[in-house]
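Just so it is clear, none of the values below were taken in a lab; they were calculated from the coordinates. All values derive from a computational prediction rather than experimental measurement. Positions of Cβ are backbone-derived with ideal geometry, glycine not excepted, and every protein chain shown enters the neighbour counts.
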Amino acid sequence: MPATLNWLAPADDASEQRFVPLDQINATNVSQLGLAWSLDLPEERTALAGSPLAVDGRLYFSGAMGIVYAVDAVSGRLLWQYDPQTNAGAPREARLVYSNNRGVAWWKGKIYVALKDGRMVAIDAKSGKPVWISRFLREGDRSTSSGAPRIFNGKVIIGNSGAEYGARGYVTTLDAETGKILWRFFTVPGNPAVDSDETTRMAAASWSGEWWKWGGGGTPWNGITYDEALDQIYVGVGNGGPWDWKARGKKGQDNLFLSSVVALDATTGKYKWHYQYNPQEAWDWKATSSIILADLDIGGQKHKVLMQAPSNGFFYVIDRTSGKLLSAEKYGKANWADKIDLATGRPIEKPDIRYENGPVVIYPGVSGVHNWQASSYNPRTGLVYLPTMQTGMRYSSTTPEQNAASGSPARLGGWTGVNVEPYVDPKDPRDNKGSLVAWDPVLQKQRWKADYSSLWNGGTVTTAGNLVFQGTQDGLLRAFDASTGRQLWSFKAGLGILAAPTSYSFRGKQYVSVLVGYGGAGGTGGPPMQYGWKYGLQPRRLLTFVLGGKARLPATAPPDFSTHALDDPKIAIDAQQAGKGGFLFAITGCGTCHGPGAQSTGGAPDLRESQIAFDRQFLGTFLRSGAAVTYNMPKFDDLTEDQIDALYAYIRSEARKARLGHASPTNLMGP
């Protein structure tokens with residue numbers, strides 16, 4: 001085993017395989033794995049989503065708001081931290097996305113972090129001082145960023161996010177030494193009358209109407225992979241904005257490049273080819289999950305392939321030299337199509353899946369069968385390890401009255417153009433639960449599966465020791481036999497885990513490190529995302545394990561599944577006003593962090609329990625002040641008194657229902 005084996009990129013290397021060629025910790029001795037040390041992170045209150053980098057005995061990672069930390073990998077001692085003061089310059093824009101940062105990258109002694117306010121920062125890895133700061137988002141955009149930067153050939157690439165808030169998707173490439181922008185590629189077309197970029201010229205014919213007023217979506221906020229062998233960048237493109245296809249075109253139009261993987265020349269950013277998973281995407285399905293590169297023998301022929309499991313429930317293997325689809329099969333519950341036509345590459349869709357004739361139940365729902373949590377590929381077992389979910393949604397179009405109330409197309413809030421309600425099949429016990437699936441990409445079939453009672457679980461890493469590690473929503477870090485799926489070891493981390501672990505070696509010892517911190521998008525899913533974690537109650541931590549480790553984890557508050565609602569029966573609540581407040585709660589993005597139906601999952605305060613939300617005057621002052629913007633609570637100084645009254649009535653209504661045991665159903669678009 002090499003004395004030192006580093007982890008230098010968000011997914012270890014450019015292939016995004018998350019395979020660690022270390023076997024000191026293996027399937028025969030992983031039961032001896034113990035905690036080497038833990039580090040509490042008091043500045044962190046919500047999701048920790050990235051995998052720590054390991055560079056010559058130091059760990060580097062980012063917190064939810066882009067604070068970057070450097071830690072001694074052997075002792076766990078904090079060496080430095082850099083606080084970029086995210087949101088300080090634009091406190092209103094904090095509402096564009098929940099607090100989430102998916103990690104950092106390393107190159108030539110510098111750590112790179114992309115911030116949700118649109119800045120890329122290069123930090124000296126030894127001192128923690130910034131080397132340069134460059135803005136990569138366009139001025140005036142209704143977009144933000146939550147992804148991890150990737151480094152290739154002295155360049156750094158990053159995407160944007162915010163499809164529900166009027167963003168138009170694009171990736172930006174900067175010089176890693178200076179921060180100068182080198183090229184940009186738009187993933188959806190802009191206004192043909194004023195935009196002359198390559199995407200507009202190429203893809204606009206597959207759109208119609210005035211889609212650019214809505215932004216278009218297609219934000220590539222995750223799922224960007226560099227191909228060293230072919231010098232290509234693969235960009236996974238997100239969902240449409242708004243979700244409703246009727247705002248983006250006529251029936252039968254593809255809306256390129258939504259829900260696609262696009263190959264670009266890495267030097268120039270010029271288009272090379274694309275493959276679209278879902279023409280005219282209409283369900284908030286994304287292709288922003290891990291794009292994994294490998295060389296596979298398929299049908300007796302060697303292929304350079306990319307593998308991806310996008311939201312829609314099919315696993316795709318694509319020849320990355322040509323963009324030709326080689327195979328695609330379902331890896332989870334999906335009722336929108338029976339199969340993918342390999343001759344055309346297009347899905348054979350079921351009728352009425354775009355809810356033209358009224359509400360329709362679709363599997364998967366908006367979260368997809370697989371979301372952003374990292375998958376991994378082990379070339380020794382030949383298997384891909386996927387965190388999966390089983391969820392259904394009832395989709396229907398919004399009414400003209402709802403459209404007008406949302407402020408669209410002026411994009412005052414997070415309008416989607418679609419009503420979505422969670423659907424649970426009473427005959428299917430796996431609905432609203434998650435699994436770890438080991439998938440054979442050559443045979444296109446499941447080899448084994450580990451089922452969980454929890455839904456929103458963490459990413460995976462696999463090793464030469466025939467192991468797969470994954471953290472889960474219930475607060476366990478698990479190790480599985482990579483060949484059989486037998487669980488070999490677990491550790492109670494005291495809080496849900498979303499990040500994928502890292503494994504590395506230093507001074508002849510192999511370590512496993514993982515960030516523990518639940519929250520972020522977990523707030524958007526209602527009760528299935530809940531596991532009793534309370535905002536500010538369970539500390540966020542970095543944990544590191546080694547064979548024979550004897551450290552003890554400090555005591556952590558246990559899960560609390562009760563709602564400690566504050567309510568005064570003397571407060572009169574006007575039902576009509578509360579209804580208006582519920583719609584406002586949805587379209588301004590409150591539910592993104594605080595949960596639909598004000599039912600928080602721990603990534604933000606539960607407003608039904610909040611002293612601030614209990615007092616009308618205090619609530620108004622707090623909303624307008626921006627006092628908690630460092631914790632990603634936006635400044636809402638544009639709310640009127642009537643709107644604050646409505647929000648207050650809605651929160652009081654939900655608190656009263658909780659106290660009386662009548663919690664509202666969690667329609668993701670409001671009550």
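Here are some notes:
- Amide N of the range 235-270 lying under 17 Å from the label point, which is placed 7 angstrom from the Cα of Asn357 along Cα→Cβ: 251-252
- Stokes-Einstein diffusion coefficient of the range 223-341, Kirkwood radius over Cα pairs, 37 °C, 0.692 mPa s, in µm²/s: 222
- Where only C-alpha atoms are counted, convex hull volume of the range 500-569 per residue in Å³: 131
- Qualifying GluC sites (Glu not before Pro) in the range 1-104, DSSP loop, other Cβ atoms within 10 Å at most 15: Glu43
- Estimated from the Cβ-Cβ distance and a Förster radius of 45 angstrom, the FRET efficiency linking Glu228 and Asp428 is about 0.55.
- For the chain, radius of gyration divided by Kirkwood radius, i.e. Rg to Rh on alpha-carbons: 0.94
- A DSSP coil position with no more than 15 other Cβ atoms inside 10 Å describes the following trypsin sites (Lys or Arg not before Pro) in the range 417-476: Lys427, Arg430.
- Net charge dipole, the range 136-229: roughly 120 debye, given to the nearest 20, about the Cα centre with Cβ charges of +1 for Lys and Arg and -1 for Asp and Glu.
- Nearest-20 debye value, the range 1-88 charge dipole, Cβ charges on Lys, Arg, Asp, Glu: 100
- Sequence-ordered 3J(HN,Hα) estimates for the range 528-539 from the Karplus curve with 6.51, -1.76 and 1.60 and θ = phi - 60° stand at x, 8, 8, 9, x, 7, 10, 4, x, 8, 9, x Hz, glycine and proline given as x.
- Over the range 473-520 - Rg/Rh using Cα atoms and the Kirkwood inverse-distance radius: 1.02
- Rg(Cα) / (2.2 N^0.38 Å) computed for the range 33-92, rounded to two decimals: 1.25
- Stretch gain in nm, segment Arg142-Asn191, where the contour uses 0.36 nm per residue and the Cα spacing is subtracted: 16.1 nm
- Multiplying the residue separation of Met202 and Gln85 by 0.36 nm and subtracting their alpha-carbon distance yields 38.2 nm.
- Cα pair count fraction exceeding 20 Å, expressed as % - the range 56-175: 40
- Applied to the range 568-579, the Karplus parametrisation 6.51 cos²θ - 1.76 cosθ + 1.60 on θ = phi - 60° returns per-residue 3J(HN,Hα) values of 10, x, 6, 6, 7, 10, 7, 4, 5, 5, 5, x Hz, with x for Gly and Pro.
- Top positive-direction residue, dipole computed over the chain with Cβ charges, set Gly517, Gln576, Pro310: Gly517
- Label-point gap, in nm, between Lys302 and Gln487 - each point 7 angstrom along Cα→Cβ: 4.1
- Cross-link pairs Lys110/Lys180; Lys333/Lys534; Lys449/Lys534; Lys333/Lys449; Lys272/Lys324; Lys129/Lys509 - those with Cα-Cα distance over 21 Å: Lys333/Lys534; Lys449/Lys534; Lys129/Lys509
- Evaluated with a Cβ-only charge set (Lys, Arg +1; Asp, Glu -1), the range 575-659 carries a dipole of roughly 260 debye about its Cα centre, given to the nearest 20.
- Two-site FRET efficiency, Thr640 against Gln32, from Cβ-Cβ distance with R₀ of 56 Å, rounded to 0.05: 0.35
- Ordering of 624-633, 116-125, 188-197 by packing is 116-125, 624-633, 188-197, highest average first (other Cβ atoms within 10 Å, averaged per residue).
- The range 487-572: trypsin sites (Lys or Arg not before Pro) falling in loop per DSSP and having at most 14 other Cβ within 10 Å: Arg507, Lys550, Arg552, Lys570
- Note on Leu78 and Ser453: the model spin-label points, each 7 Å out from Cα along the C-beta direction, lie 3.5 nm apart.
- Charge dipole of the chain about the Cα centre (unit charges at C-beta), most positive-ward option of Gly459, Val74, Val156: Val74
- Set of the range 606-642 residues, backbone N closer than 12 Å to the point 7 Å along the Cα-Cβ line of Leu537: 606, 609
- Here Gln576 and Ser625 are evaluated by their C-beta separation; at R0 = 22 Å the FRET efficiency comes out at 0.20.
- The alpha-carbon positions of the range 575-659 define a convex hull whose volume is 83 Å³ per residue.
- Considering only Gly169, Ala122, Leu137, and ranking their Cα positions along the charge dipole of the range 118-173 that arises from unit charges at the beta-carbon of Lys, Arg, Asp and Glu, the one farthest toward the positive end is Ala122.
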